[in-house]
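The values are calculated or read from the model by the stated rules, or taken from the named source; none is laboratory data. Please read these numbers as outputs of a predicted model, since none were measured by experiment. No Cβ is skipped: glycine too gets one built from the backbone with ideal geometry, and neighbour counts run over all protein chains shown.
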Amino acid sequence: MPATFDQIEKVRLAALRLLQTRARSRAELTERLLKRRLPREAVEHVVTRFVETGLVDDDAFARDVVRSEQRHRPAGDALLRAKLEGHGVDDEVASVAIDELESEASTVARANECARRTAAQLPARLSDRQRWQRVLGALARRGFDAETSYEAARDALGEPPEAFDA
């Protein structure tokens, strides 16, 4: 059964309210509207129309999420991809957004920034070994690979302590 004008209008207003708080991906917006038990046909109609008019743009949304994430807490590709996937962004769209970021700032530079921020917040009472462990742990949680993390930690903390076994 096709959606009625009243159903479409109700969904449109609900979608606009959701988009007022922040941008959303197509999948995220659809999911949120369906959770409100709005008619599927009306939701699909409204979301498709919003995509056609540019109110919902997964490419722009993915770029914004990646840039915002990098401004506030530098992250590796794996974490960025997971965040975008959590927002329902297609893997191909996520890859393009992350690749654009790579051209703006290298992974090594992002890891170095994250390592410097983490090291600066560590208590002075920690041993060199503990400092290294904390920085490497933070880098791993932010999605950086082991080699990049090691180099960034060395850049932020100097040479590792004797017999350091990460």
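Would a scan of the stretch 136-150 turn up a residue that is more than 16 Å from the chain's Cα centre (by Cα), without any contact (Cβ under 8 Å) to a residue 60 or more places away in the chain and in a loop (DSSP other than H, G, I, E, B)? No, every residue in the stretch 136-150 fails to be more than 16 Å from the chain's Cα centre (by Cα), without any contact (Cβ under 8 Å) to a residue 60 or more places away in the chain and in a loop (DSSP other than H, G, I, E, B).
What number of residues in the stretch 1-44 are over 26 Å from ALA62 (Cβ atoms), charged (D, E, K, R) and without any contact (Cβ under 8 Å) to a residue 12 or more places away in the chain? Number satisfying all stated conditions: 3. For ALA124, state whether it is of a type in the set (A, V, I, L, M, F, W, C), over 21 Å from the mean Cα position of the chain (by Cα) and not assigned by TED's automatic domain parsing to the domain that holds ASP77. Answer is yes for this residue. Only one of the listed residues (ASP77, ASP58, ASP99) is on the phi < 0 side of the Ramachandran plot and surrounded by fewer than 18 Cβ atoms within 10 Å (Cβ to Cβ). That residue is ASP99. Per the conditions (1) in contact with an Asp or Glu (Cβ under 7 Å, 6 or more places away or on another chain); (2) buried (at least 19 other Cβ atoms within 10 Å of the Cβ), the sole criterion not satisfied by PRO2 is (2). When the stretch 63-92 is filtered for residues that are among the aliphatic types (A, V, I, L, M) and modelled with pLDDT under 85, only ALA75 remains.
Out of GLU69, GLU92, GLU85, one residue alone is surrounded by 14 or more Cβ atoms within 10 Å (Cβ to Cβ), farther than 30 Å from THR4 by Cα and not assigned by TED's automatic domain parsing to the domain that holds LYS10. It is GLU69.
Quick grid of which residues meet (1) without any contact (Cβ under 8 Å) to a residue 24 or more places away in the chain; (2) among the acidic types (Asp, Glu):
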position: ASP64; (1), (2): no, yes
position: ARG67; (1), (2): no, no
position: GLN70; (1), (2): no, no
position: ARG73; (1), (2): no, no
position: ALA82; (1), (2): no, no
position: GLY88; (1), (2): no, no
position: ASP91; (1), (2): yes, yes
position: VAL96; (1), (2): no, no
